[in-house]
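Report on the following structure.
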Amino acid sequence: MIEKILYKKQLFALIVKGQYRKKRGVNFFTSKEATQQFGYIKHKKNHIIKPHSHKKRLTRILKTTEVLLLLKGILRVDFYDNKGKYLFSKIINEKDIIMLVHGGHGFKVLKDVEMIEVKQGPYSLANDKVKFKKVDEKKIKIK
């Protein structure tokens, strides 16, 4: 299952639930236009992926996106608009994947977490991130 998180017709996140592992072949979750893309590949024993390299090309990326693969645990994702106003929250579970695209986000670990994060680089903590006040726990709205 793939869930698109939209706010004012803009894609804030893409959540891929842990059941995504059923399809065979190459299956991308993201659109061909996305500045970061990810998918799932499943092949039988002895399948061959032809040797290849990727061509050098200039790509313009205006905003960093990130993909989190939750290996273990439960994570609450809090979504914010670009001005730092809290909107709502979603829960992601073990084996879920989330791609964060637009808007702001914060997290609360609900059960001990192990995860892998992937984002475009080079990345500068000082220059690429704008921090704002987190939401009051009493105002959390799980959607």
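The values are calculated or read from the model by the stated rules, or taken from the named source; none is laboratory data. Computed from a predicted model, the values in this text were never measured in an experiment. Cβ sites come from the backbone with ideal geometry, for glycine too, and all protein chains shown count toward neighbours. Side chains are part of the model used for accessible areas, which takes the heavy atoms of the whole protein and leaves out ligands, DNA and RNA. Shrake-Rupley method; radii C 1.70, N 1.55, O 1.52, S 1.80 Å.
Observations on the model:
- Some residue of the range 24-32 being touching a helix residue (DSSP H, G or I) at 6+ places or on another chain (Cβ under 9 Å), within 25 Å of Glu94 (Cβ to Cβ), hydrophobic (A, V, I, L, M, F, W, C) and open to solvent by 100 Å² or more (accessible area, probe 1.4 Å): no
- Any pair with Cβ under 8 angstrom, 6 or more apart, that starts in the range 41-63 at a residue that is closer than 25 Å to Tyr20 by Cα and among the β-branched types (Val, Ile, Thr) and ends at one that is in a loop (DSSP other than H, G, I, E, B) and at pLDDT 90 or above: Ile49/His43
- Among (1) closer than 17 Å to Tyr7 by Cβ; (2) touching a residue at least 12 places away in the same chain (Cβ under 8 Å); (3) charged (D, E, K, R), the one test that Lys85 misses: (2)
- Single match in Leu69, Leu58, Leu62 (criterion: of a type outside the set (Asp, Glu), in contact with a strand residue (DSSP E or B) (Cβ under 9 Å, 6 or more places away or on another chain) and under 26 Å from Gly121 (Cβ atoms)): Leu69
- Conditions (1) open to solvent by 70 Å² or more (accessible area, probe 1.4 Å); (2) under 30 Å from Gly103 (Cα atoms): number failed by Val67: (1)
Conditions tested, residue by residue: (1) farther than 21 Å from Glu137 by Cβ; (2) of a type in the set (A, V, I, L, M); (3) in contact with a Gly (Cβ under 6 Å, 6 or more places away or on another chain); (4) not in a loop (DSSP other than H, G, I, E, B).
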{"residue": "Lys32", "(1), (2), (3), (4)": "yes, no, no, no"}
{"residue": "Lys44", "(1), (2), (3), (4)": "yes, no, no, no"}
{"residue": "Ile49", "(1), (2), (3), (4)": "yes, yes, no, no"}
{"residue": "Thr59", "(1), (2), (3), (4)": "yes, no, no, no"}
{"residue": "Lys63", "(1), (2), (3), (4)": "yes, no, no, no"}
{"residue": "Gly73", "(1), (2), (3), (4)": "no, no, no, yes"}
{"residue": "Lys95", "(1), (2), (3), (4)": "yes, no, yes, no"}
{"residue": "Val109", "(1), (2), (3), (4)": "no, yes, no, yes"}
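- Residue in the range 132-142 that is open to solvent by less than 90 Å² (accessible area, probe 1.4 Å), in a strand (DSSP E or B) and not aliphatic (A, V, I, L, M) present: no
- Options Leu58, Leu71, Leu62: the member that is closer than 22 Å to Phe38 by Cα and in contact with an Asp or Glu (Cβ under 7 Å, 6 or more places away or on another chain): Leu71
- Cβ separations smaller than 7 Å between residues 6+ apart or across chains give the following pairs from the range 6-21 residues that are among the charged types (D, E, K, R) to residues that are part of a loop (DSSP other than H, G, I, E, B): Lys17/Met1; Lys17/Asp96.
- Scope the range 91-121; condition acidic (Asp, Glu) and either exposed (fewer than 15 other Cβ atoms within 10 Å of the Cβ) or over 19 Å from Tyr40 (Cβ atoms) (or both); matching residues: Asp112, Glu114, Glu117
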